[in-house]
Amino acid sequence: MWSEGSSVAEGSARFASRAARELRRELLVTPLPELGLVAANGPNDPEPELVVEDGVVLRMDGRAAADFDVIDRFLVAHGLDLEIAAEAMALSDLQVARMLVDVDVPRSAAVRLARGLTPAKLARAAGLLDPVELMFALKKLRARRAPANQAHVTNLKESPALLAADAAEAAARGFAELETTVGVARYAPFNAISLLVGSQTGRPGVMTQCAVEERRNLELAVNGLVTYAETLSVYGTEQVFVDGDDTPWSKSFLGAAYASRGVKVRFTSGTGSEALMGHAQGMSMLYLEARCISVVRAAGSQGVQNGSISCVALVLSLPGGTRAILAENVIAAWLDLEVASGNDAIASHSAIRKTAKLMGQFLPGTDFVTSGYSVMPRHDNTFGGGNYDADDLDEWMTIQRDWQVDGGIEPVDEVEVTRVRDRAAHAIQAVFAELGLPEISDAEVHAATIGYDASDMPDRDRAADVDAADEALERRVSGLDVALALDRHGFEDVARAVVGMQRQRVSADYLQTSAVIDEDGYVRSAVNDPNEYAGPGTGYRLEGARWERLQALPHVVDAARLGAGDSAAAPAVTEVGEALAGTDEAEVVIAVGPAFAGAIRETINGLDHGCVLAAVVDGVTDGGAVPRIVRIRRVADVAFIAHDGARLSGSGIALGMQSKGTAVIHRADLQPLDNLELFGMSPLYSLESYRAMGRNAAGYALGNRVGPVPTELDNFARAKLIVRTTLLHARETRSAVKGAAPVELELTAAVETLPL
């Protein structure tokens with residue numbers, strides 16, 4: 001009878017192992033609505049409500065007009081379309097939610113109704129959708145037809161050469177926008193110039209921004225050193241606005257100041273900020289974010305950066321947090337805003353959890369899937385890390401390929417990346433020299449071209465840099481000055497691209513909703529490239545040349561060539577005639593497949609076939625038996641290869657081998673699918689393993705005791721090698737000739753066994 005023992009008191013080793021995993025470094029909490037720690041559908045969220053008399057709003061979302069806060073007053077004055085509101089608010093929450101996922105309700109109809117919905121109604125309807133429905137709604141509601149991506153470009157040493165090189169690589173990889181910031185505020189002009197030069201070296205038309213204090217940010221924009229901004233934060237409660245010395249009106253004025261100078265602007269918000277700042281007023285994160293997004297639209301901004309952003313880990317600590325973040329992206333798109341959908345700040349220590357969060361935006365696509373992919377290593381990201389960084393690029397592009405989804409990042413091979421990084425670093429070196437700024441050395445250019453991170457960069461005189469940056473601002477160094485400097489030093493194409501960005505500011509076409517600029521200077525936006533998804537077969541489809549480009553990863557192997565071997569190489573063995581049955585009772589046949597040392601010349605883990613044969617021959621000899629090599633031509637199955645070999649062997653024992661390295665020791669009187677020993681872990685076998693197989697075969701032939709062949713276990717072998725296995729076996733199968741007689745083989749040269 002079972003009884004509780006001491007082992008129970010000791011605890012489970014598996015639980016202890018899980019407790020030490022990355023996920024458990026994070027704090028998950030139960031909801032606490034009174035502090036705003038509830039993701040969506042909070043118990044204190046107001047019922048959707050709008051009472052209008054004679055064109056005057058008397059009540060909205062549980063408040064009378066006399067009790068309206070600054071956000072309510074702003075929305076009533078500038079956000080709600082009262083001509084639509086009566087119709088929209090009369091619909092039930094469920095009716096509104098169903099319209100978001102009904103392919104027969106066009107995007108334009110959903111967007112029109114949103115103009116008349118209060119924040120509580122927006123949040124309630126979005127909160128009714130499950131994650132798959134939210135993704136479907138986002139796919140339908142995205143403003144621009146094709147998704148895009150934005151990159152972060154920073155480094156710990158504020159190195160201009162490295163900033164320019166990283167910006168150039170990011171632009172070459174297809175990022176439509178690049179954002180930098182500063183560790184030291186006075187570096188802003190240098191960082192902005194470096195980003196401008198690097199971006200236009202990589203691909204003309206890439207927009208750039210330097211995330212600094214608004215006055216300085218606007219100054220950089222007026223000077224033509226940046227082309228967009230997204231640093232205008234809005235909040236869902238009045239007190240947080242007050243703490244920031246802001247109002248919706250002041251933010252609107254600042255947004256207009258940018259736009260009046262031809263600078264694209266979007267606001268920033270995100271679930272969780274009010275709870276983080278201690279003024280959530282007991283409301284759910286999604287409801288307060290619906291207020292934020294409504295303010296953004298009322299302020300006249302073309303777009304918003306949202307998706308929790310810096311508060312993402314706080315939201316993810318709560319049940320339904322990831323779903324709430326996706327819902328806020330949906331609300332923003334529903335309000336006809338460009339959406340830069342987060343996925344920039346580190347969401348989790350867990351790779352699984354980070355990717356699970358990403359999929360909500362990655363699969364349906366957003367205007368900018370990340371509001372900052374860290375194109376440099378995470379520890380160089382002065383925005384506070386990055387959810388995905390330079391080391392994750394191959395995974396990101398592979399997931400695009402897996403899902404046939406456009407995540408806005410294009411494959412570029414090492415040669416091209418190195419070329420464009422080198423050119424950008426030389427270009428910024430030339431600009432600094434022409435403008436009389438502190439020298440960028442050749443050593444900096446070299447390190448920026450091929451280095452890993454800022455630690456590879458030579459140190460600069462940072463005091464001299466900040467003094468020179470101040471002086472550059474004082475003399476109002478502009479984008480045109482940068483273009484002239486480039487032109488004088490032989491970078492005419494980059495100079496033209498920089499001038500092109502100045503022209504874009506004058507024409508201001510990219511101020512339209514969700515605008516990006518193609519390499520030829522053509523602006524694509526929700527105006528001339530709208531998302532018109534209306535069900536299967538409509539909207540943006542990743543196909544044609546774009547799909548061909550995204551699937552052509554540099555590390556993808558040509559399936560037609562894999563396993564083909566080097567046909568020009570001399571064969572390791574020679575056929576010397578038909579193989580007949582042997583009579584020597586000490587004989588062991590080494591039977592190989594039809595492609596062995598012919599169409600295929602090495603095993604799946606790269607062992608040369610000649611060396612493998614030599615190792616087996618040595619093993620058979622060590623065991624006291626006589627080896628004979630035979631090629632079985634009629635079949636590619638290792639069991640039948642080995643069994644055919646055993647029937648030819650004087651002892652009745654054979655070691656059969658496929659070209660990929662799988663081996664079987666067989667005996668003539670057994671059924672083909674029965675055997676003495678099967679060696680199926682071919683990716684893990686060494687030459688010593690094959691020598692041991694030969695010794696065992698000799699042992700069976702002579703009636704001696706045999707021991708196990710040392711091997712290992714690799715649970716990832718199938719994932720790593722199933723494609724290679726398939727292609728090698730297909731090549732072996734094609735080499736088989738039905739009914740063909742076996743042939744005798746001999747080693748044609750002295751093949752030395754590799755060190756064991």
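Values quoted throughout were computed directly from the atomic coordinates according to the rules given, and no laboratory measurement underlies them. All of these numbers come straight from a predicted model, not from anything done at the bench. Using ideal geometry, Cβ is built from the backbone for each residue, glycine included, and neighbour counts are taken over all protein chains shown.
One table, with the values for the structure above:
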| item | result |
| --- | --- |
| Under 19 Å from K251, Cα to Cα: lysines that are on another chain or at least 8 residues apart | K264 |
| Within the chain, percent of DSSP bridges classed antiparallel, to nearest 5 | 45 |
| Residue order, fewest to most surrounding Cβ atoms within 10 angstrom, among H609, H555 | H555, H609 |
| Ranked list, fewest to most other Cβ atoms within 10 Å of each Cβ, for V527, V57, V296 | V527, V57, V296 |
| Proportion of all alpha-carbon pairs of segment 150-549 beyond 36 Å (%) | 20 |
| Those aspartates and glutamates that a straight Cα-Cα span of less than 15 Å connects to K121, excepting residues fewer than 8 apart in one chain | D45, E47, E49, D61, D72, D81, E87, D93, E289, E328 |
| Those lysines that a straight Cα-Cα span of less than 24 Å connects to K660, excepting residues fewer than 8 apart in one chain | K720, K738 |
| Residue exposure sequence - I71, I722 - by fewest surrounding Cβ within 10 Å | I722, I71 |
| Segment 143-195: C-alpha pair distances exceeding 14 Å, % | 50 |
| Ranked packing of 652-664, 574-586, most packed first, by mean Cβ within 10 Å | 652-664, 574-586 |
| For segment 482-551 versus segment 324-367, the gap between their alpha-carbon centres in whole angstrom | 23 |
